[in-house]
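*Asks:* The following block contains the structure, expressed as structure tokens.
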Amino acid sequence: MSKRSFSHWLYVVPALVILAFFLVYPAVHTIVLSLGDKTGEGFAGFSNYRFAFTNRTMQSALRNNLLWVAVFTAGTVGLGLAMAVLLDRVKYERIAKAIIFLPMAVSFVGSGVIWKFVYSFRPASVAQTGLLNGIVVALGGQPIGWLIERPWINNFALIFVGIWIWTGFCMVVLSATYKGIPKSLLESARLDGATEWQVFWRITFPLMRSTIAVAATMMLITVLKIFDVVYVMTNGNFGTEVIANRMYKEMFQFKNFGRASAIAVVLLLAIIPVMIFNLKRFREQEAIR
Amino acid sequence: MLRTAGATVYDQWVAHDIAWTDPLIKTAFEYFGDIVLNSNYVFGGATGALTTNFGDSPNDLFVDPPNAYLHHQASFIEGFFTEDFPGLVPGTDYGWFVTPPIDEALGTPAFGGGNVVVTFSNSPEAQALMRYLASAAVQEVWAARVGFISANKSVSPNVYPSGIVRAIADSLVNTSAFRFDASDLMPEEIGAAFWKAIVDYVGGEDLDAVLGDMEAAY
């Protein structure tokens, strides 16, 4: 081994040590615990995994996470893209972008509390305290339990809060790329008679594809571990359970190390495809360089 | 469960000697559902029941005009609503009664929570202290403060601060049977699953499915 490659390794070793201690070892330990029983001492085989996939509440959580993945990712990336493209043309662009990005500055728990008040329900014969029900009643309707009505209303109400928080982030990321598209390309397309819709779908969208992939990947990773919003607003009740909330309950409320670790490993396995996709993209980008 | 099936079945239920899908448990749930799921009986209907915080719920009795006239809760709730409505006079503005029997033969067993004194050592000194703490003299000191009802039959009823607490204490020491809250006695995951089962049932899920899930939680 030549002296040069040895010193290369020296630079990397501290990072590798930290990675090994804080990432690899806990991951391996979690996998070991997931094969153990409630206190982590006995051996329970795959019974915890069987629980994670057959228990009715866990199945409801898995279904809800799928719903979150579909709606949240489409919502944040789609709305972020729309905002990035549309706001580019208006004078008040900076203010609008600041307002849309503002929810990212609020803690996720704080957002949950804010929207819990907005969704608040009081019976029809008394004054409403929630903003949304206040509007509904003022327009002549009956108040709705936004966080109670299952299975769609309350889940969509929660997902909307998630979208409200994260759209600003997607918008900022996509806007940076959008501004990088040469204006001359779009101008010439318009001169050639393309409608705005065609300009968007045939020029803008393909050029932004890699950034959209990045934004979508980030949102996917965020949504698979969604916890704060659900925990604060409904604590997973009324059919809104998600995997991360179950993991928290199993670990800290029921003190069942085996089941909590099994759920954590399931979450890890769910994220692996996203990670592989990410790595492939990095390799492709490196190959281009 | 105490009113419809009796104390013995209650104990079996807590110990899981009978299944949750047993008709006796289903009957108890249905009695509960007859009231909670009926929007003419519950203020705000099932949605109101699910969204109202338990500490705030008696407040609906004391607004003008009242939104409800009856409230089912343990005796500690007096502290909650007297704090929100300081001018209330016990006996005039509010009263209480023991939940009537459902099955006359089973009567009205008492049901509640309690403070438990636990010793870690079995020394004679620890035992003497335990006996002293359970004695009427000490219990009367505790009972003179609001909210504490003594299980000691020798405690004089006059130490209680109000007529209502006195009456409640009287019903406790003269009851035919007493049981602790079932969900507290069950293991933690089962208690939490029980809570979720009630919420799901009030939320409109099918009772047989809910009870089946409870049975599968063990």
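The values are calculated or read from the model by the stated rules, or taken from the named source; none is laboratory data. Given the structure is predicted, the values throughout are model-derived calculations rather than measurements. Here the Cβ is made from the backbone with ideal geometry for all residues, glycine too, and neighbour counts use every protein chain on show.
*Asks:* Hey, can you tell me all the residues within the stretch B:3-34 that are of a type in the set (Ser, Thr, Tyr) and touching a residue at least 60 places away in the same chain (Cβ under 8 Å)?
*Replies:* Just the residues of the stretch B:3-34 that are of a type in the set (Ser, Thr, Tyr), to begin with: B:4, B:8, B:10, B:21, B:27, B:31.
Correct list: B:Thr4, B:Tyr10, B:Thr21, B:Tyr31.
*Asks:* Restricting to the stretch A:43-62, name every residue that is touching a Gly at 6+ places or on another chain (Cβ under 7 Å) and either at pLDDT 90 or above or loosely packed, with under 11 Cβ neighbours inside 10 Å (or both).
*Replies:* Restricting attention to the stretch A:43-62, the residues satisfying the condition of being touching a Gly at 6+ places or on another chain (Cβ under 7 Å) are A:43-44, A:48, A:60.
If the condition is that a residue be touching a Gly at 6+ places or on another chain (Cβ under 7 Å) and either at pLDDT 90 or above or loosely packed, with under 11 Cβ neighbours inside 10 Å (or both), then A:Phe43, A:Asn48, A:Ser60 are the ones that fit.
*Asks:* Let me ask you something else. Would you mind finding the one in A:Val71, A:Val90, A:Val77, A:Val85 that is under 30 Å from A:Trp201 (Cβ atoms) and over 26 Å from the mean Cα position of the chain (by Cα)?
*Replies:* Values: A:Val71 fails: over 26 Å from the mean Cα position of the chain (by Cα); A:Val77 fails: over 26 Å from the mean Cα position of the chain (by Cα); A:Val85 fails: over 26 Å from the mean Cα position of the chain (by Cα).
Matching residue, one of A:Val71, A:Val90, A:Val77, A:Val85: A:Val90.
For (1) assigned to a helix (DSSP H, G or I); (2) within 24 Å of A:Met247 (Cβ to Cβ); (3) among the hydroxyl-bearing types (Ser, Thr, Tyr), each residue gets a yes or a no:
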residue	(1), (2), (3)
A:Ser5	yes, no, yes
A:Val12	yes, no, no
A:Val24	yes, yes, no
A:His29	yes, yes, no
A:Gly40	no, yes, no
A:Tyr49	yes, yes, yes
A:Ala52	yes, yes, no
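*Asks:* Being surrounded by 17 or more Cβ atoms within 10 Å (Cβ to Cβ), more than 15 Å from B:Gly204 (Cβ to Cβ) and without any contact (Cβ under 8 Å) to a residue 24 or more places away in the chain is the filter here, so list the residues in the stretch B:39-57 that pass it. Outline the logic, then answer.
*Replies:* Let us first name the residues in the stretch B:39-57 that are surrounded by 17 or more Cβ atoms within 10 Å (Cβ to Cβ), namely B:42-52, B:57.
Okay, now just the ones that are also more than 15 Å from B:Gly204 (Cβ to Cβ), so B:43, B:52, B:57.
Hits for the stretch B:39-57 are B:Thr52, B:Ser57.
*Asks:* Taking the condition of being over 21 Å from the mean Cα position of the chain (by Cα) and surrounded by 15 or more Cβ atoms within 10 Å (Cβ to Cβ), how many residues in the stretch A:94-110 meet it?
*Replies:* Looking only at that region, the number is 1.
Per-residue answers, yes or no, for (1) within 14 Å of chain A (Cβ to nearest Cβ); (2) closer than 18 Å to B:Leu207 by Cβ; (3) touching a Pro at 6+ places or on another chain (Cβ under 9 Å):
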| residue | (1), (2), (3) |
| --- | --- |
| B:Arg3 | no, no, yes |
| B:His16 | no, no, no |
| B:Asp22 | no, yes, no |
| B:Leu37 | yes, yes, no |
| B:Asn59 | yes, no, no |
| B:Asp64 | yes, no, no |
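*Asks:* Next up: Confirm whether A:Trp164 is in contact with a helix residue (DSSP H, G or I) (Cβ under 8 Å, 6 or more places away or on another chain) and either loosely packed, with under 14 Cβ neighbours inside 10 Å or more than 12 Å from chain B (Cβ to nearest Cβ) (or both). Break it down stepwise before answering.
*Replies:* Working: in contact with a helix residue (DSSP H, G or I) (Cβ under 8 Å, 6 or more places away or on another chain): yes; either loosely packed, with under 14 Cβ neighbours inside 10 Å or more than 12 Å from chain B (Cβ to nearest Cβ) (or both): yes.
Taking the combined requirement at face value, the residue satisfies it.
*Asks:* Another question, then. Of all residues in the stretch A:234-256, which are among the charged types (D, E, K, R) and either under 16 Å from the mean Cα position of the chain (by Cα) or under 18 Å from A:Val161 (Cα atoms) (or both)? Let's see the steps before the verdict.
*Replies:* Step one: of the stretch A:234-256, the residues among the charged types (D, E, K, R) are A:241, A:246, A:249-250, A:255.
Once the filter is applied, which keeps residues that are among the charged types (D, E, K, R) and either under 16 Å from the mean Cα position of the chain (by Cα) or under 18 Å from A:Val161 (Cα atoms) (or both), the stretch A:234-256 yields only A:Glu241.
*Asks:* Please identify the pairs in which a residue from the stretch A:251-279 that is closer than 26 Å to A:Met218 by Cβ has its Cβ atom under 7 Å from the Cβ atom of a residue that is of a type in the set (Lys, Arg), counting only partners at least 6 apart or on another chain.
*Replies:* A:Ile263/A:Arg246; A:Leu267/A:Lys225
*Asks:* Could you list all residues from the stretch B:166-218 that are under 23 Å from B:Glu30 (Cβ atoms), acidic (Asp, Glu) and within 12 Å of another protein chain (Cβ to nearest Cβ)?
*Replies:* Within the stretch B:166-218, B:Asp200, B:Glu205, B:Asp213, B:Glu215 meet the criteria.
*Asks:* If you don't mind, there's one more thing I want to ask. Select from the stretch A:106-145 the residues that are in a loop (DSSP other than H, G, I, E, B) and of a type in the set (S, T, N, Q) and list them in ascending order.
*Replies:* Initially, the stretch A:106-145 is screened for residues in a loop (DSSP other than H, G, I, E, B), giving A:106-107, A:119-130, A:139-145.
Matches in the stretch A:106-145: A:Ser107, A:Ser120, A:Ser125, A:Gln128, A:Thr129, A:Gln142.
*Asks:* May I ask you to say which residue of A:Gly110, A:Gly78 is over 30 Å from A:Glu196 (Cα atoms) and free of Cβ contacts under 8 Å to residues at least 24 places away in the same chain?
*Replies:* Numbers: A:Gly78 fails: over 30 Å from A:Glu196 (Cα atoms).
None of the others qualify; the one that does is A:Gly110.
*Asks:* Going through A:Asn154, A:Asn133 one at a time, which residue ends up being within 23 Å of A:Asn237 (Cα to Cα), within 14 Å of chain B (Cβ to nearest Cβ) and in contact (Cβ under 8 Å) with a residue 40 or more places away in the chain? Step through it out loud before you land on a result.
*Replies:* Working: A:Asn133 fails: in contact (Cβ under 8 Å) with a residue 40 or more places away in the chain.
So the residue among A:Asn154, A:Asn133 that is within 23 Å of A:Asn237 (Cα to Cα), within 14 Å of chain B (Cβ to nearest Cβ) and in contact (Cβ under 8 Å) with a residue 40 or more places away in the chain is A:Asn154.
*Asks:* Moving on to the next point. Hey, could you check the stretch A:111-121 for residues that are buried (at least 20 other Cβ atoms within 10 Å of the Cβ) and within 12 Å of another protein chain (Cβ to nearest Cβ) and say which is farthest from B:Asn38 (Cα to Cα)?
*Replies:* Within the stretch A:111-121, the subset buried (at least 20 other Cβ atoms within 10 Å of the Cβ) is A:111-112, A:115, A:119, A:121.
The next check asks that each one be within 12 Å of another protein chain (Cβ to nearest Cβ); those that pass are A:119, A:121.
Values: A:Tyr119: 24, A:Phe121: 18 Å.
Ranking the qualifying residues of the stretch A:111-121, first place goes to A:Tyr119.
*Asks:* Among A:Ile212, A:Ile159, A:Ile181, which is the only one that is under 30 Å from A:Phe121 (Cα atoms) and at pLDDT 90 or above?
*Replies:* Values: A:Ile212 fails: under 30 Å from A:Phe121 (Cα atoms); A:Ile181 fails: under 30 Å from A:Phe121 (Cα atoms).
Only one candidate passes the filter, namely A:Ile159.
*Asks:* Can you give me the number of residues within the stretch A:146-201 that are in contact with a Phe, Trp or Tyr (Cβ under 7 Å, 6 or more places away or on another chain) and in a loop (DSSP other than H, G, I, E, B)?
*Replies:* Qualifying residue count, the stretch A:146-201: 4.
*Asks:* Further question on the same structure: Which of the residues spanning the stretch A:237-289 are in a loop (DSSP other than H, G, I, E, B) and within 14 Å of another protein chain (Cβ to nearest Cβ)?
*Replies:* Looking only at the stretch A:237-289, we keep the residues that are in a loop (DSSP other than H, G, I, E, B), and these are A:237-242, A:254-256, A:289.
Passing the criteria: A:Asn237, A:Phe238, A:Gly239, A:Thr240, A:Glu241, A:Phe254, A:Lys255, A:Asn256.
*Asks:* Restricting to the stretch A:10-34, and then to whatever is surrounded by 10 or more Cβ atoms within 10 Å (Cβ to Cβ) and among the aromatic types (Phe, Trp, Tyr), can you tell me which residue is farthest from A:Leu267 (Cα to Cα)?
*Replies:* A:Phe21
*Asks:* Could I ask something else about it? Do any helices (runs of 4 or more DSSP H) lying entirely in the stretch B:116-215 carry at least 3 residues that are more than 24 Å from the chain's Cα centre (by Cα) and surrounded by fewer than 16 Cβ atoms within 10 Å (Cβ to Cβ), and which ones are they?
*Replies:* Working: elements: B:124-134, B:136-143, B:163-173, B:182-185, B:188-202.
In the stretch B:116-215, the matching helices (runs of 4 or more DSSP H) lie at B:124-134, B:136-143.
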